[in-house]
Amino acid sequence: MRRFIVVGHRAITTGDFKLDDLAGSTGRMDVLLRCINSAFFLSHDIRRDVEILLVLQGPPHPPKTIRLVGNELKYLNPDERSTAALVRNALLQKVDAEERSSPGIYVSNRSYRDVLSNIPKGEQIVYLKESGEDIRVLAFQDDVNFVLGDDQDLTGEEESMLLKYDPKLISIGTRSYHADHCITIVNNELDLRGAKTASIPPAPEKV
């Protein structure tokens, strides 16, 4: 399972927003919507082995966490407007524990701290950071969690909280990329590794 955890530092925590002003009045919810698309969409399919968690920290009722599960998703389309409608529907739910708002989409009041503490024990945690180790030399486990910010880096407090989990720090290049591009690059790197593994023929049996 690939899991992306994206912190939306200003993303609003209410469903009371207009679909034609996603970049202006939603605390850059548009950035998170593009992350959803990059996490899941292939040319003619969606990835079933991916989850993404959007940790919304903006007004008026932070925190909220939206979780999308690839192998359950329905009604997800590539355009940001329809994805925003699904997120808006999730934010209109009144929740305490995590609740499903539509197939494959869940909403809760979990905080960033809660999300980190709920990562299954033993799963690999990776912090996407420009000063980290080159992604091309790092070995990845089958179950891996990638943590990144939206259009802002993690705050000092958020980074300190994450470092307590001893994540691997990796860099995907020498330049600063948009969050959704980071997810695309990570998916591509892991896809290439999977293809190489699949192309290696099994060793002959000893007789």
Enumeration of residues in the stretch 14-27 that are in contact with a His (Cβ under 9 Å, 6 or more places away or on another chain) and buried (at least 20 other Cβ atoms within 10 Å of the Cβ): Gly27
Qualifying residue in the stretch 123-139 (condition: at positive phi, surrounded by 12 or more Cβ atoms within 10 Å (Cβ to Cβ) and in contact with an Asp or Glu (Cβ under 8 Å, 6 or more places away or on another chain)): no
Residues located in the stretch 55-84, provided they are more than 16 Å from Ile12 (Cα to Cα), in a helix (DSSP H, G or I) and hydroxyl-bearing (Ser, Thr, Tyr): Ser82
Residue in the stretch 140-177 that is surrounded by the most Cβ atoms within 10 Å (Cβ to Cβ), counting only those that are under 21 Å from Glu189 (Cβ atoms) and among the small types (Gly, Ala, Ser): Gly149
Count of the stretch 110-129 residues which are in contact with a Phe, Trp or Tyr (Cβ under 9 Å, 6 or more places away or on another chain) and either modelled with pLDDT under 95 or assigned to a strand (DSSP E or B) (or both): 5
Any chance Leu19 is in contact (Cβ under 8 Å) with a residue 60 or more places away in the chain and either among the acidic types (Asp, Glu) or more than 28 Å from Asn188 (Cβ to Cβ) (or both): yes
Among the candidates Val107, Val6, residue that is in contact with a Cys (Cβ under 6 Å, 6 or more places away or on another chain), at pLDDT 95 or above, crowded, with 20+ Cβ neighbours inside 10 Å and not acidic (Asp, Glu): Val6
Condition met for Ile183 (at pLDDT 95 or above, part of a helix (DSSP H, G or I) and under 24 Å from Asn37 (Cβ atoms)): yes
Looking only at the stretch 138-193, and only at residues there that are touching a helix residue (DSSP H, G or I) at 6+ places or on another chain (Cβ under 9 Å) and hydroxyl-bearing (Ser, Thr, Tyr), the one that is nearest to Tyr112 (Cα to Cα): Tyr165
Close pairs from the stretch 72-100: first without any contact (Cβ under 8 Å) to a residue 24 or more places away in the chain and under 17 Å from Ile52 (Cβ atoms), partner surrounded by 12 or more Cβ atoms within 10 Å (Cβ to Cβ) and not polar (S, T, N, Q), Cβ under 6 Å, at least 6 apart: Leu86/Ile105; Arg100/Tyr106
Test: Val147 is in contact (Cβ under 8 Å) with a residue 60 or more places away in the chain, of a type in the set (A, V, I, L, M) and in contact with a strand residue (DSSP E or B) (Cβ under 9 Å, 6 or more places away or on another chain): yes
Residue in the stretch 130-172 that is farthest from Leu53 (Cα to Cα), counting only those that are polar (S, T, N, Q) and outside any loop (DSSP other than H, G, I, E, B): Ser131
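The values are calculated or read from the model by the stated rules, or taken from the named source; none is laboratory data. Model, not experiment: these values are computed from the prediction. Virtual Cβ from ideal backbone geometry, glycine too; neighbours counted across all protein chains shown.
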